[in-house]
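The values are calculated or read from the model by the stated rules, or taken from the named source; none is laboratory data. All figures in this text were calculated on a predicted structure; none of them were measured in a lab. Because the Cβ atoms are built from the backbone with ideal geometry, glycine has one as well, and the counts that use them run over all protein chains shown. Note: accessible area is taken over every heavy atom of the protein model, side chains too, but ligands, DNA and RNA are not part of it. Shrake-Rupley method; radii C 1.70, N 1.55, O 1.52, S 1.80 Å.
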Amino acid sequence: QVQLVESGGGLVQAGGSLRLSCAASGRTFNSYTMGWFRQAPGKEREFVGRIDGTGRNIYYVSSAKGRFTISRDNAKNTVYLEMNNLNTEDTAVYFCAAAENFYGRYDYWGQGTQVTVSS
């Protein structure tokens with residue numbers, strides 16, 4: 001029983017930044033690997049990156065490296081996605097999800113938050 005709620009999306013101009021948050025329920029948050037995904041209009045869902053329960057192991061897809069930062073605050077049951085140097089290709093609904101381990105399947109999903117980047 002894990003519930004995830006994303007927030008922080010909005011409209012930004014190209015080159016700007018946003019910080020998304022994903023608030024999780026439950027006292028076992030620190031045992032979950034948390035992933036970020038996104039889905040653009042007319043596109044398939046795309047994996048962005050993940051962070052393990054300790055916050056020490058993080059993986060990003062190539063398009064996110066150098067621009068996006070995933071972090072977590074286990075005391076607040078929250079994971080973050082900081083996005084810098086945004087471009088129009090980053091426009092999508094962003095989802096967070098929880099997995100049992102760093103290589104596990106994502107069993108729990110949030111409802112998503114919209115990010116729109118204008119040119």
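Before moving on, here are some points about what is shown:
- Any hit, segment 76-91, residues being at pLDDT below 95 and either among the small types (Gly, Ala, Ser) or under 12 Å from the mean Cα position of the chain (by Cα) (or both): no
- So Thr88, is it over 18 Å from Gln3 (Cβ atoms) and open to solvent by less than 60 Å² (accessible area, probe 1.4 Å): yes
- Of the strands (runs of 3 or more DSSP E) lying entirely inside segment 1-73, those carrying at least 2 residues that are among the β-branched types (Val, Ile, Thr), under 14 Å from Asn84 (Cβ atoms) and without any contact (Cβ under 8 Å) to a residue 40 or more places away in the chain are 68-73.
- Lone qualifier among Tyr108, Tyr80, Tyr94 - being among the hydroxyl-bearing types (Ser, Thr, Tyr), part of a strand (DSSP E or B) and open to solvent by less than 10 Å² (accessible area, probe 1.4 Å): Tyr94
- Taken as a whole, segment 3-10 holds at least one residue that is in contact with a Lys or Arg (Cβ under 9 Å, 6 or more places away or on another chain) and surrounded by 15 or more Cβ atoms within 10 Å (Cβ to Cβ).
- Residues that are under 19 Å from Tyr108 (Cβ atoms), of a type outside the set (Lys, Arg), open to solvent by less than 40 Å² (accessible area, probe 1.4 Å) and within 12 Å of the chain's Cα centre (by Cα) within segment 16-70 comprise Leu20, Ser21, Cys22, Thr33, Met34, Gly35, Trp36, Phe37, Val48, Gly49, Ile51, Ile70, listed in sequence order.
- Residue that is among the small types (Gly, Ala, Ser) and at pLDDT below 95, where the choices are Ser17, Ser21, Ser25: Ser25
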